[in-house]
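Since the structure comes first, as structure tokens, the remarks are kept for the end.
The values are calculated or read from the model by the stated rules, or taken from the named source; none is laboratory data. Fair warning: this is a prediction, and the values are worked out from it, not measured in the lab. Cβ sites come from the backbone with ideal geometry, for glycine too, and all protein chains shown count toward neighbours.
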Amino acid sequence: MRDRDYLKALIQEKSYREGEFLLSSGKPSSYYIDLKPAALDPKGAVWIGKLFMEWISGQSFRVDGVAGLTLGADPVLMAITIASAGTSTPLPSVIVRKEAKKHGTGQYLEGAQVFGPGAKFLVVEDVVTTGASAQKAIERLQDAGFEVVGVITVVDREEGGALHFQEQGLAFFSLYKISQFRQKP
């Protein structure tokens, strides 16, 4: 079995549920995917990092770092950063806060101090539905003078997020589509 198949089985077991759920958008859903249990599993983290690094290394564009909106993206960011450590292109992470810190420096971005103006980022998500969370991260990065070249996610819920980013001229990549997990239509 390949790493991609092992990761899919782990996500199916630990992160995918069917039933009645309310999404952050306020929409009801007959299924829910909470990627944190799979992404925080040691093998899940290794597979996520390895599979994303394989994709990133095959791209023609340069990437200086990965960034994502806390909390959903945090374990995926670290998986990629750790997987990149032994490569010729290590990718530090930036955590994007939903709100600026109310104390200290009052910043939205954690870890961005190591990057110069114009640094190029991939925005990372655990799951993309409409793309609203990733869009917030994109805007925060651009406001700080960075360039976003694409959005990557573990699972695309196939509800318009991919098209949203492609219309902005951004690369979009998902390891899986929700249709690969759903048991019921």
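When residues in the range 1-45 are screened for being loosely packed, with under 15 Cβ neighbours inside 10 Å and in contact with a strand residue (DSSP E or B) (Cβ under 9 Å, 6 or more places away or on another chain), 10 of them pass. Within the range 114-139, the only residue that satisfies the criterion of being among the small types (G, A, S), surrounded by fewer than 17 Cβ atoms within 10 Å (Cβ to Cβ) and not in a loop (DSSP other than H, G, I, E, B) is A132. For the range 73-113, enumerate the residues that are part of a helix (DSSP H, G or I) and either of a type in the set (D, E, K, R) or in contact (Cβ under 8 Å) with a residue 12 or more places away in the chain (or both). Within the range 73-113, D74, P75, V76, L77, M78, A79, I80, T81, I82, A83, S84, A112 qualify.
Sort through D156, D143 and tell me the only one that's charged (D, E, K, R) and within 21 Å of A45 (Cα to Cα). Result: D156 is the single residue among D156, D143 that is charged (D, E, K, R) and within 21 Å of A45 (Cα to Cα).
Could you figure out which of (1) among the charged types (D, E, K, R); (2) under 18 Å from I138 (Cβ atoms); (3) modelled with pLDDT under 95 isn't true of R2? Unmet for R2, out of (1) among the charged types (D, E, K, R); (2) under 18 Å from I138 (Cβ atoms); (3) modelled with pLDDT under 95: (2). If you take the residues of the range 49-72 that are in a helix (DSSP H, G or I) and in contact (Cβ under 8 Å) with a residue 12 or more places away in the chain, which of them is surrounded by the fewest Cβ atoms within 10 Å (Cβ to Cβ)? Result: S57. Here is a check on your reading of the model: is V46 in a strand (DSSP E or B) and modelled with pLDDT of 95 or more? When the stated conditions are applied, V46 does not pass them. I'm checking my understanding of the structure. Among residues of the range 6-41 that are among the polar types (S, T, N, Q) and modelled with pLDDT of 95 or more, which one is nearest to the chain's Cα centre (by Cα)? The qualifying residue nearest to the chain's Cα centre (by Cα) is S15. Condition first: of a type in the set (D, E) and part of a helix (DSSP H, G or I). Now tell me which residues in the range 140-157 satisfy that. Across the range 140-157, the qualifying residue is only D143. Could you go through the range 158-176 and let me know if any residue there is part of a loop (DSSP other than H, G, I, E, B), buried (at least 20 other Cβ atoms within 10 Å of the Cβ), in contact with a Ser or Thr (Cβ under 9 Å, 6 or more places away or on another chain) and not polar (S, T, N, Q). Checked against the condition, which is being part of a loop (DSSP other than H, G, I, E, B), buried (at least 20 other Cβ atoms within 10 Å of the Cβ), in contact with a Ser or Thr (Cβ under 9 Å, 6 or more places away or on another chain) and not polar (S, T, N, Q), the range 158-176 yields no hits at all.
Scan the range 42-75 for residues that are more than 18 Å from F172 (Cα to Cα) and within 11 Å of the chain's Cα centre (by Cα) and the total you get is 4.
Within the range 77-129, the set of residues being within 16 Å of T153 (Cβ to Cβ) and among the aromatic types (F, W, Y) comprises F121 only.
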